[in-house]
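Comments concern the structure below.
The values are calculated or read from the model by the stated rules, or taken from the named source; none is laboratory data. Bear in mind that the values here come from a model prediction, so they are computed numbers and not experimental data. Cβ coordinates were reconstructed from backbone atoms using ideal geometry, including for glycine residues, and neighbour counts include every protein chain displayed.
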Amino acid sequence: MRRLPPWSEDPPFRKVLIANRGEIAVRVARTAKEMGIKVVAIYSDADRYSLHVLVADEKVYIGPSEPTESYLNIEGIVKEVGAEAVHPGYGFLAQNPKFVEALEEEGIVFVGPPAKIQRLVGHKLDARRFFKSAGVPIVPGTLEPVRVDDAVDVAESIGYPVMVKPAGGGGGIGMSVAWDEKQLAKALKRAEELSASAFGVSEVYLERYFPRARHIEVQILGDHHGNVIHLFERECSVQRRFQKVVEETPSPALTEEEAERVASYAVKAAKAVGYVNAGTFEFLFDPDAREFYLLEVNSRIQVEHPITEAVTGVDIVRQQFLIAAGEEIEFSQNEVERRGHAFEARVYAEDPAAGFVPSPGRIERLREPSGPWIRVDSGVYEGWEVPPYYDPLLMKVIAWGRDREEARKRMLRALWETVIEGVKTNLAFLQVVFQDEAFIKGDYTTRFVEERRILDRLKDFSPSHAELPPRRRAEERARPPAPRVDSWKLISRIEKL
């Protein structure tokens, strides 16, 4: 296998377009530059001065602020590529097989799984049927779409509570829990409507809902030469609205044997589907039965990939580029080691007290955390306007420690250092999470936010952060006259040299 050094004179691609925005576009651009690849950014009206545009080598205007007219406009993006390859980041078109096929028709490399894999794993019911036939345990539930007229009988056969899920998407959109027949009809109608508008597929299905479940996922890499390896598991059980907000690795819930078992399930599933590039195989873990069930496959890079990079030292984006160029993965499974513990906290421009509603606006003041073993993946800067059109993720704070408690305390210090003024954020929410007694013990489930009453406790919580210097008046900010140089002092210093 060929190991390409950073700043290689022979990069896998000369130029790559990043079909995304925000922090993930910035993060992908950084690795591309280290590999000697020129970066092209696309931007909408709202993102004309966004950070991902400022760090790129070239920029291309892609359309109005609405995502359907810009970042989701397949024809418009493909027409403007002007590069050998496209990295999709996550979200938008990252898991859209039509986008992959449109690029392939133009001879442009897609930095991700081929269209046929995207189609198989992207449709949840198709994926459930395939992986069950391959011997991978899946969550008990239906393998065919469920309609309102037969849903009651199906739900009773599965056993309440049941999870109602869209067949064509992810990210928590359209998902809800039905605890009885009355809630089921309402949940089905809502899921069908949201699924049709968000994914163009109105089909929904039912799964058994485990109130005490934990969300475990495994990072996978596969190349065109048949090599498939895992980079261990991540725990993603701290969620709001079925969307992750805090992640960690290793999972505090698993024994060493269980961690190896879930990783083996992921590798088995990836090999069965012929998986290529980076992907995440997500599992539900029942802590009572100590069993794993495959939930879904995210055929792209994940938001939480930095914690895996922190404990393994593997640059996942680098591997994506090499694999897309036809190279082998740079290392074998035996060469991958995990050291220490890492957390990720997602910092959003949102108001937790108002149901996590987004909070667009201008960032008036900003200080990002830093220091030993702290990483910040950010897509913002002071004075930037947070647009109302996209996901309100501002930055991700990653903390590494030799063990879980050291990493947790380091994260709390980093959250304390973080100052964001001008928009509402979830920083106080994150501080409550990382100081919660159950979280400290690692004893939590996907219902952590509800069971630990995190939002109720926010009302009496006084968040703290490091001080910022006081704002100066306009006249104080005026540049003072440059001090005169004392020629005698200058001569004496030269003589001493």
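Could you please find all residues in the stretch 368-396 being assigned to a loop (DSSP other than H, G, I, E, B) and surrounded by 16 or more Cβ atoms within 10 Å (Cβ to Cβ)?
GLU368, PRO369, TRP373, GLY379, VAL380, TRP384, PRO387, TYR389, TYR390, ASP391, PRO392
Could you tell me which numbered condition ILE363 fails, if it satisfies all but one of (1) touching a helix residue (DSSP H, G or I) at 6+ places or on another chain (Cβ under 6 Å); (2) over 30 Å from ILE108 (Cβ atoms)?
All conditions pass for ILE363, except number (1).
Would you check if GLY91 is surrounded by fewer than 22 Cβ atoms within 10 Å (Cβ to Cβ), modelled with pLDDT under 95 and under 23 Å from THR280 (Cα atoms)?
Spelling it out, GLY91 is indeed surrounded by fewer than 22 Cβ atoms within 10 Å (Cβ to Cβ), modelled with pLDDT under 95 and under 23 Å from THR280 (Cα atoms).
Take the stretch 36-76 and flag every residue that is buried (at least 21 other Cβ atoms within 10 Å of the Cβ) and either part of a strand (DSSP E or B) or over 22 Å from the mean Cα position of the chain (by Cα) (or both).
ILE37, VAL39, VAL40, ALA41, ILE42, TYR43, SER44, ILE62
Need at least 2 residues that are of a type in the set (Gly, Ala, Ser) and modelled with pLDDT of 90 or more per element, so show me which helices (runs of 4 or more DSSP H) inside the stretch 110-206 make the cut, counting only ones lying wholly within it.
124-133, 148-158
Do the conditions hold for ARG457, that is, is it modelled with pLDDT of 60 or more, of a type in the set (Lys, Arg) and outside any helix (DSSP H, G or I)?
no
Of the residues that make up the stretch 241-260, is at least one at pLDDT below 95, in contact with a Pro (Cβ under 7 Å, 6 or more places away or on another chain) and surrounded by fewer than 18 Cβ atoms within 10 Å (Cβ to Cβ)?
Here is the first cut: in the stretch 241-260, the residues at pLDDT below 95 are 241-243.
Add one more test, that the residue is in contact with a Pro (Cβ under 7 Å, 6 or more places away or on another chain), and what stays is none.
Scanning the stretch 241-260, I find no residue that is at pLDDT below 95, in contact with a Pro (Cβ under 7 Å, 6 or more places away or on another chain) and surrounded by fewer than 18 Cβ atoms within 10 Å (Cβ to Cβ), so the answer is no.
Would you check which residues across the stretch 266-279 are surrounded by fewer than 23 Cβ atoms within 10 Å (Cβ to Cβ) and within 24 Å of THR255 (Cβ to Cβ) and list them?
Those that are surrounded by fewer than 23 Cβ atoms within 10 Å (Cβ to Cβ) and within 24 Å of THR255 (Cβ to Cβ): VAL267, LYS268.
Would you check which residues across the stretch 429-444 are surrounded by fewer than 21 Cβ atoms within 10 Å (Cβ to Cβ) and assigned to a loop (DSSP other than H, G, I, E, B) and list them?
Scanning the stretch 429-444 gives ASP436, GLY442, ASP443.
Identify the single condition in (1) out of contact with any Phe, Trp or Tyr (no Cβ under 8 Å at 6 or more places or on another chain); (2) crowded, with 21+ Cβ neighbours inside 10 Å that TRP400 does not satisfy, given that it satisfies every other one.
Condition not satisfied by TRP400: (1).
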